[in-house]
Amino acid sequence: MSESAAPEITPPDPLPPSASRRFDRLLNFLNRHPLLLPTASFGFGIGSFMLVQRGEHLAQVMAVIALLGWPWLLAEGALGRWIARHSRGRLPVATARFMTQQAQQELLFFSLPFLFTAMQWVPGQMVFVALAALLAVASSLDPVYWHRIAPNAALSMGFHAGCTFVAALVILPIAVKVPVETALPIAFAITGITLIIGLPRLIRSTDDPRSGKRRLVYATLVMALLGIGWLMRAAIPPAGLWVRDARIAASIDGYTPGPVVKSLTQAELANGLIAYVAVRAPQGLSQAVIFEWRHEGAIVDRIPALIDGGREMGFRTYSRKLNFGESPTGQWRVDLRTPQGQLIARRAFVVR
């Protein structure tokens with residue numbers, strides 16, 4: 001048996017030779033510096049996050065700029081054909097794909113800092129943020145994006161939907177001042193619309209009826225996953241909210257809590273306990289929250305409160321509990337959640 005040399009595999013140029021020289025030079029420059037755009041996008045996200053924490057109006061402008069990427073994602077195919085037609089062949093349809101990749105990078109890297117700071121160290125939220133980070137990395141790796149994601153109608157549609165969902169969670173509270181519990185169903189609705197808009201491309205992507213059926217099954221599964229995601233919405237971080245301080249204390253003076261309490265006796269419960277939080281939110285955002293007091297995992301009290309955004313050190317509020325029942329010994333936990341169940345903060349203590 002003779003051994004033949006493996007053919008050399010070279011990544012194809014994402015744009016055909018008919019592209020304009022200026023656009024070719026831009027692409028060549030970006031190919032020589034592949035980390036330039038992802039780094040700039042991540043820097044844009046970090047800068048926006050820092051501005052939001054300082055209550056600067058410029059951060060809202062940056063969020064609106066990121067928001068402008070949505071229409072492009074929804075109309076990529078039509079815009080690509082429009083570009084090719086009106087540039088008279090100087091810019092190909094693939095130009096839209098390149099612009100889509102940049103829009104996705106911008107939206108994802110803008111969103112990541114807000115997701116990281118909102119994330120609590122619980123499995124569901126950690127998995128969600130890891131998946132968002134994976135999308136951001138995939139959008140930055142040209143071989144992966146151009147050879148695996150973009151040419152595959154099903155993967156491309158799913159990638160569009162995931163990017164749209166992540167961006168909606170973050171941008172709506174910052175740019176439009178939509179409360180987190182309202183932004184969540186809107187994000188699901190926008191993602192569903194994105195999937196529906198992508199179905200024609202999915203159906204037209206193959207001439208094989210059996211393959212077409214498989215892709216329709218895939219699209220149905222993606223929609224089903226969207227429904228499962230809604231049922232598991234409590235695992236999604238409340239992007240835009242940042243816990244400055246959270247503690248269980250035995251006393252409070254105005255809005256200054258006493259020392260942290262992690263363990264106490266039944267006798268020490270006589271004066272009750274305080275669940276205190278200081279939560280940073282974007283300026284202009286009014287956010288409803290709920291204190292959930294749990295004993296051995298079971299909810300014993302749900303106390304609503306309201307957080308107003310814009311305060312540098314976070315909006316301060318607390319829940320005071322006086323009655324702990326006849327048998328208070330054991331593990332206690334206080335969860336601060338949005339009305340949709342998203343975890344904002346968690347603190348635990350033990351009654352001996």
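A short reminder: the numbers here are calculations on the coordinates, not readings from a lab. Since the model is a prediction, treat every value here as computed from it, not as a measurement. Note: ideal-geometry Cβ built from the backbone for every residue, glycine included; neighbour counts use all protein chains shown.
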Fewest-first ranking of Asp308, Asp335, using other Cβ atoms within 10 Å as the exposure measure: Asp308, Asp335
Amide H contacts under 5 Å for Val243, placed H, 5+ residues apart: Arg280
Net length gained if the chain between Ala234 and Ile299 were fully extended (0.36 nm per residue, minus Cα distance): 21.8 nm
Full-extension gain in nm, Thr265 to Ser327, via 0.36 nm per residue minus C-alpha separation: 21.1 nm
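Taking other Cβ within 10 Å of each residue's Cβ, how do Tyr318, Tyr145, Tyr255 sort, fewest first?
In increasing order of surrounding Cβ atoms, one gets Tyr255, Tyr318, Tyr145.
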Computed lengthening from Arg32 to His147, 0.36 nm per intervening residue step minus Cα-Cα distance: 39.6 nm
Burial order of peptide ranges 136-142, 261-267, 125-131, 104-110 (average beta-carbon count within 10 Å, highest first): 104-110, 136-142, 125-131, 261-267
Region 242-351, relative contact order [Cα under 8 Å, separation at least 6], %: 30 percent
Distance in nm between pseudo-label sites at Leu131 and Ala250 (7 Å out along the Cβ direction from Cα): 4.4 nm
